[in-house]
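No value in this document is a laboratory result; all are computed from the given coordinates. What you see is a predicted model; the values in this text were computed from it and never measured. Counting neighbours? That spans all protein chains shown, and the Cβs are built from the backbone with ideal geometry, glycine included.
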Amino acid sequence: MKTNTSTIVLGVALVIVAGMFSANVAGLIGHQSNDGQKLATGAFMTGHVETILTDFQGNVKEYRQSDNVITNGGENCAIRLLFNRENAGWTANSNSCKGALTASWNVIALGTDDGTLLPVNGTNSGLGAETSATGLARLAGTATFTNSTGAASTGAGTAAVATISKTFTNTSGGTIAVKESGLFNSTTVVASGMFARQSFSTINVGNGDSLTVNWTINIGSTGTFTKA
């Protein structure tokens, strides 16, 4: 009889445990998760690129605009420049910061690859086929800022915006098929230092034509925290 009683008690215990397991799987037993309590910023770092082709008289011939891809190297180095730039041991090639990634990203480059040679993605460190045609080689642009300092700021929740602009004039004597652009921090280093890149449908820049490129980078609205 004792054996039978023990067997019955064990069986009941197994049934209870099994029931609890089933209830947990079905979501009947409360399970607290911190996932819903995580704080997330209101927006991320995003980018946009605009290209405008005009002839020698200033008439608009072509127009393109698209979101761009901010590279992994650019994001990683931005963090280091923000929080580690002056620390002891900094070198131009330390960890995620490669090549010329130690200066401002205000240099615009043009190229002739539409993403076929080098697909556009976050691992890019340079353009697929950067052009060095006379008048179209990479150049430093002019940066303007919105909502980034002092009286210009409209408060928390408003994105800070940087726009880097440059007008290139083709004086190579021929037509160049421009299909990509990148934002760099050096006018001389080709293989590294790229913050963002995008390709687009062909813009045939004839001799004497001008191509204006506007890179826009948005950071924010990180002043306000919300639950994810």
Sorted by average packing, counted as other Cβ atoms within 10 angstrom per residue and highest first, what order do 47-54, 210-217 take?
-> 210-217, 47-54
Given the Cα-Cα distance of residue 167 and residue 144 and 0.36 nm per residue of separation, how much length would full extension add, in nm?
-> 6.8 nm
Can you tell me which of 175-182, 71-78, 199-206 comes out highest on packing, and rank the rest after it, using the mean Cβ neighbours within 10 Å?
-> 175-182, 71-78, 199-206
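What full-extension length gain, to one decimal in nm, is calculated for residue 175 and residue 103 as 0.36 nm per residue of separation minus the Cα-Cα distance? Show your work: numbers first, answer last.
Details: separation 72, 0.36 × 72 = 25.92 nm, distance 3.24 nm.
In short, 22.7 nm is gained.
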Karplus-derived 3J(HN,Hα) from phi for the stretch 168-181 (6.51 cos²θ - 1.76 cosθ + 1.60, θ = phi - 60°), whole Hz, x at Gly and Pro, runs 9, 10, 6, 10, 7, x, x, 9, 10, 8, 7, 10, 7, 8
3J(HN,Hα) from dihedral phi, the stretch 107-123, Karplus parametrisation 6.51/-1.76/1.60, rounded to Hz, x for glycine, proline = 9, 10, 10, 10, x, 10, 9, 8, x, 6, 6, 9, x, 6, 7, x, 8
Would you mind getting me the FRET efficiency between residue 56 and residue 121? Use the beta-carbon distance for r and R0 = 30 Å, nearest 0.05.
-> 0.25
Show me 126-136, 112-122 ranked by packing, highest mean number of other Cβ atoms within 10 Å first.
-> 126-136, 112-122
So between residue 65 and residue 137, what do we pick up on full extension, going 0.36 nm a residue minus the alpha carbon distance?
-> 23.9 nm
